[in-house]
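The values are calculated or read from the model by the stated rules, or taken from the named source; none is laboratory data. Keep in mind the model is a prediction, meaning the values are calculated, not measured. Heads up, the Cβs are rebuilt from the backbone with ideal geometry, glycines too, and the neighbour counts pull from every protein chain shown.
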Ligand code: SF4
């Protein structure tokens with residue numbers, strides 16, 4: 001991605017300490033930043049770090065206003081709706097500290113079962129379609145098909161299920177199966193998978209604090225394999241694992257460099273039994289600040305509310321849509337329950353938004369490569 005250089009005068013205006021600005025000054029500065037982003041400029045790390053210094057609920061809401069303007073101008077008012085199913089659960093070989101499906105630290109009440117049949121998955125795909133979801137993601141525990149034993153037929157079974165979903169419903173199947181080789185990415189594309197979820201989860205710097213059985217670089221390689229096969233990358237992370245604001249900015253910038261199309265933002269809902277189970281839930285205003293900064297750094301990407309929307313945001317969950325969110329999971333999450341789809345639809349209607357498929361970043365609206 002080529003970043004449009006920002007003029008020295010514009011840059012120096014960003015070095016002003018945003019913490020000491022009056023509300024009117026802050027609004028003006030944030031409005032000027034939003035205008036530049038809409039015009040095609042991209043913030044650098046120094047500018048993004050300056051935004052993290054904005055404190056206090058009223059000031060964070062001003063930041064959200066700027067992000068909301070960028071979302072409206074760059075993405076429109078359609079909220080991308082998708083649903084997920086855990087096709088294989090629990091007993092995972094990896095040790096991700098946030099996850100209750102790991103065999104290293106099985107979280108309380110996390111079910112364990114092998115790959116579901118195509119019929120079972122299809123039934124849920126139809127239910128998701130009826131609930132208004134446009135995409136349906138088949139999620140499996142495990143490091144990924146790249147490490148399947150030669151005798152395993154599971155990957156072929158998933159491909160067959162994908163073909164049946166395409167033949168028998170109008171919902172678009174996505175997958176989140178873990179690491180894939182370049183050949184497996186091609187096979188997924190041939191079966192009809194157009195989007196694949198593989199999160200970076202955290203910055204490169206923070207990742208070893210939460211996972212040691214594989215590396216951040218392993219995850220990046222899979223994202224590149226998917227993109228090379230023409231599959232959209234649905235690649236985001238988790239906020240609230242003890243990472244710094246700089247880690248959050250680094251994650252967003254890595255996602256921008258990888259040119260991912262969709263960015264799921266999970267807000268850690270600490271699960272009992274996991275190494276991160278003792279952490280306090282994120283403050284909802286810190287979550288809003290993170291969402292808004294992700295939108296300002298990733299103006300055209302689909303930014304998706306994922307796990308933790310209800311548990312962390314509570315009554316403030318609708319504020320996320322006024323802070324830059326333009327997508328959400330409907331129905332249940334992998335190991336926790338979501339709110340009923342009717343309530344989601346009512347919330348969007350109240351906000352003047354509509355559920356559907358959000359536009360996918362197509363590259364440059366301004367003649368830049370992205
Ligand atoms: S996040 Fe995925 S890879 Fe990590 S422990 Fe959970 S199921 Fe396994």
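What's the total number of residues in the range 199-224 that are more than 16 Å from residue 262 (Cα to Cα) and away from the ligand (no atom under 12 Å from the Cβ)?
So the first thing to find is which residues in the range 199-224 are more than 16 Å from residue 262 (Cα to Cα), and the list is 203-218, 221.
Restricting the remaining residues to those that are away from the ligand (no atom under 12 Å from the Cβ) gives 203-206, 208-209, 215-217, 221.
So the answer is 10.
Inclusion of residue 181 among residues that are closer than 20 Å to residue 118 by Cβ and at pLDDT 95 or above is not warranted.
Which residue, of 370, 343, is more than 23 Å from residue 134 (Cβ to Cβ) and modelled with pLDDT under 90? Walk me through how you get there before you give the answer.
Values: 343 fails: more than 23 Å from residue 134 (Cβ to Cβ).
Testing whether each residue is more than 23 Å from residue 134 (Cβ to Cβ) and modelled with pLDDT under 90 leaves just 370.
For the range 186-196, a residue qualifies if it is without any contact (Cβ under 8 Å) to a residue 60 or more places away in the chain and not in a loop (DSSP other than H, G, I, E, B), and the qualifying residues are 186, 187, 188, 189, 190, 191, 196.
Restricting attention to the range 31-54, the residues that are over 21 Å from residue 284 (Cα atoms) and assigned to a helix (DSSP H, G or I) add up to 11.
Exactly one condition in (1) within 18 Å of residue 306 (Cβ to Cβ); (2) more than 16 Å from the ligand (Cβ to nearest atom) is not met by residue 85; state its number. (2) is the only condition that residue 85 fails. All told, residue 75 falls short of being within 16 Å of the ligand (Cβ to nearest atom) and either modelled with pLDDT of 95 or more or farther than 14 Å from residue 295 by Cβ (or both). Residues in the range 93-104 that are surrounded by fewer than 18 Cβ atoms within 10 Å (Cβ to Cβ) and either more than 18 Å from residue 198 (Cβ to Cβ) or more than 8 Å from the ligand (Cβ to nearest atom) (or both): 103, 104.
Among the residues of the range 226-233, is any under 21 Å from residue 96 (Cα atoms), within 15 Å of the ligand (Cβ to nearest atom) and modelled with pLDDT of 95 or more? No, the conditions are met nowhere in the range 226-233.
Pick from 359, 299: which is part of a loop (DSSP other than H, G, I, E, B), modelled with pLDDT under 95 and under 18 Å from residue 235 (Cβ atoms)?
359
Look at residue 142 and say whether it is within 16 Å of the ligand (Cβ to nearest atom), on the phi > 0 side of the Ramachandran plot and under 23 Å from the mean Cα position of the chain (by Cα). Don't jump to the end; show me each part of the working.
Numbers: within 16 Å of the ligand (Cβ to nearest atom): yes; on the phi > 0 side of the Ramachandran plot: yes; under 23 Å from the mean Cα position of the chain (by Cα): yes.
For residue 142, the condition - within 16 Å of the ligand (Cβ to nearest atom), on the phi > 0 side of the Ramachandran plot and under 23 Å from the mean Cα position of the chain (by Cα) - is met.
Output the helices (runs of 4 or more DSSP H) that fall wholly within the range 197-283 and possess 2 or more residues being crowded, with 23+ Cβ neighbours inside 10 Å and in contact (Cβ under 8 Å) with a residue 12 or more places away in the chain, or say none. Outline the logic, then answer.
Numbers: elements: 207-210, 216-228, 245-258.
The helices (runs of 4 or more DSSP H) meeting that bar are 216-228, 245-258.
Of the residues examined, residue 166 is one that is over 28 Å from residue 308 (Cβ atoms) and more than 16 Å from the ligand (Cβ to nearest atom).
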